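Report on one structure; see the data block that follows.
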Amino acid sequence: MKKGYLLLESGQVFPGIRVGDSSSVMGEIVFNTSMTGYQEIMTDPSYAGQIMTFCYPLIGNYGINQQDNENAKIQMQGVLFSNLCELPSHYQSIKTVDQWLKQSGIPGLANIDTRAVVKAVRLSGTMKAAISDSPDFAQIDWNQPLPQDMVSQVSTDNIKVYEGSGPHVVLLDYGYKKSMLTALLDEGCKVTVVPYNTNSAAVAALHPDGVMLSNGPGDPAQLQDLFGEVKKITSSYPTLGICLGHQLIALAYGAKTGKLLFGHRGANHPVKEMVTGKVWMTSQNHSYVVAKDSVDSERFSISYLNVNDGSVEGLSHKKLPIETVQFHPEAHPGPDDTHPVFQRFIHMIKQSKGEVTHAVTY
């Protein structure tokens, strides 16, 4: 087994064993607290440009199957494990995580003290990190910028149509997860997936009944050139924004975003629904949040707040059929408490068409 090292910009070094590809990479170090769903996590496009630390101590015990990918390939820069299983046991398993990483060209480290890594990130915040064969900091160019413009790299280049007999939803792809598409298709929708930079005229030409803005990687402020088009699109159609899509809608209507110290990444984040007072468990993956005091209270009400830190978890427009959520209602992996968000979106579309008048509740 070949030795490898994780080097943090803060000056700490963590030894481990090389797994996956043998290349050296730099990325933003983050961590995820989920106990299951490692295949879905590793193929979530929102991790593009990042080195991800699994908090759960045993990963890979049920191998890799052909069903659970959220994207066609692993999008993260690298991945860290405490104990990586070499002999998975599951009837659907077709390969080990190590084999998958090698085939995907993604480097990783196993036998890492992931608890110590997480403590370092919680103390200093997300930062630059490198996976290397050497513990020598002098061999790393710490001045090089982290990967930029990740949305353009994970978004589709072409329009893709998925037929259905229900409402027609245009899905703006900033790095969407397959489970989001599946949730819409399960509701009977026809879904047209379009590139992230599709303008309002092109969306109008598709004659949608509703629009969904997906999750995706990076700082939403880097997509400032799209804010005007996002506002035109969302003011014209019933809209659901998820994660990055939530942030982009907020920014398009004048709010601001900021970066959390170490983000929300896991499948057990409690959020409070403001109208009912109910608390729902959610799956989350993001660094940036909408600043609470920047939300235009004449236009939007805050629909959800994070129980742990009070950050904004959702917005609802007071006049237009626009709803946003910071969490992932498709919940792959994670609890499906908030899956009815999709049903409310479909109901919102039908209401705008005059097809229904009753309310949808949990």
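Only Lys, Arg, Asp and Glu count, each charged at its Cβ (+1, +1, -1, -1), so figure out the dipole size of the range 291-337 about its Cα centre, rounded to 20 debye.
The dipole of the range 291-337 has a size of about 260 debye.
Suppose the chain between Glu298 and Gln144 were pulled fully straight at 0.36 nm per residue; how much longer would it get relative to their current alpha carbon spacing?
Value of the extension gain: 51.2 nm.
Quick one: grab Rg to one decimal and Dmax as a whole number for the range 46-130, Cα atoms only, in Å.
Taking only Cα atoms of the range 46-130, I get Rg and Dmax of 13.4, 42 Å.
By per-residue mean of other Cβ atoms within 10 Å, what is the highest-first order of 328-338, 345-355?
Details: 328-338: 21.5, 345-355: 17.7.
Result, highest mean Cβ count within 10 Å first: 328-338, 345-355.
Once you have the Cα-Cα distance between Ser10 and Leu58, take 0.36 nm times their residue separation minus that, and quote the gain in nm to one decimal. Don't skip to the end; give the middle numbers.
On the way: separation 48, 0.36 × 48 = 17.28 nm, distance 2.66 nm.
Full extension of this stretch gives 14.6 nm more.
Rounded to two decimals, what ratio of Rg to Rh does the range 120-246 give with C-alpha atoms and a Kirkwood Rh?
Ratio of gyration radius to Kirkwood radius for the range 120-246: 1.11.
How many nm separate the modelled label positions at Arg115 and Asn199, each set 7 Å beyond the Cα in the direction of the Cβ?
5.6 nm
Just to check, using Stokes-Einstein with a Kirkwood Rh over alpha carbon pairs, what's the diffusion coefficient of the range 1-45 at 25 °C and 0.890 mPa s in µm²/s?
For these conditions, the coefficient is 191 µm²/s.
Can you list the residues of the range 307-337 with backbone N under 14 Å from a point 7 Å past the Cα of Met274, pointing along Cα to Cβ?
It comes to 307, 310-319, 323-326, nothing else.
Using amide H atoms built 1.01 Å from N in the peptide plane, name the residues 5+ places from Phe300, or on other chains, whose amide H lies under 5 Å from its own.
Residues meeting the criterion, in which the H sits 1.01 Å from N, are Lys318.
For the range 74-212, give the percent of accessible area contributed by carbon and sulfur heavy atoms, probe 1.4 Å, rounded to a whole number.
Here carbon and sulfur together make up 46 percent of the probe-accessible area.
With the cut-off at 26 Å, tell me which of the pairs Lys190/Lys292; Lys160/Lys272; Lys3/Lys119 have Cα atoms farther apart than that.
Details: Lys190/Lys292 35 Å; Lys160/Lys272 35 Å; Lys3/Lys119 22 Å.
Over 26 Å apart, Cα to Cα: Lys190/Lys292; Lys160/Lys272.
First measure r as the distance between the Cβ atoms of Ser124 and Tyr91, then evaluate 1/(1 + (r/R0)^6) with R0 = 41 Å and state the FRET efficiency to the nearest 0.05.
0.45
What residue among Ser152, Ser236, Ser165 shows peak mean-square fluctuation when the chain is described by a Gaussian network model with Cα springs under 10 Å?
Among Ser152, Ser236, Ser165, the largest mean-square fluctuation in the Gaussian network model of the chain belongs to Ser165.
In Å, what Rg and Dmax follow from the Cα atoms of the range 1-147?
14.3, 46
Calculate, for the range 300-344, the solvent-accessible area per residue in square angstrom, rolling a 1.4 angstrom probe over the heavy atoms of the protein chains.
Per residue, the range 300-344 has an accessible area of 34 Å².
Dividing the alpha-carbon Rg of the range 1-85 by 2.2 N^0.38 Å yields what?
1.07
What helices does the chain have that are whole DSSP H segments, at least 27 Å long along their own axis by Cα, and with mean Kyte-Doolittle hydropathy of 1.6 or more?
Helix filter hits for the chain: none.
Let's test the formula: R0 of 56 Å, r as the Cβ-Cβ distance of Lys3 and Gln343. What FRET efficiency results, to the nearest 0.05?
The computed FRET efficiency comes out at 0.65.
What whole-number value in Å² describes the accessible area per residue of the range 105-216 for a 1.4 Å probe?
In whole numbers, the range 105-216 has 42 Å² accessible per residue.
For mean projected area of the Cα convex hull in nm², the listed values are (1) 17.8; (2) 19.2; (3) 46.6; which was obtained by calculation from the structure presented?
It is the one labelled (1).
The values are calculated or read from the model by the stated rules, or taken from the named source; none is laboratory data. On a predicted model such as this, the values are computed, not experimentally measured, just so you know. Ideal geometry is used to build each Cβ from the backbone, glycine not excepted, and the neighbour counts take in all protein chains shown. Ligands, DNA and RNA are excluded from the accessible area calculation, which covers all protein heavy atoms including side chains. Shrake-Rupley method; radii C 1.70, N 1.55, O 1.52, S 1.80 Å.
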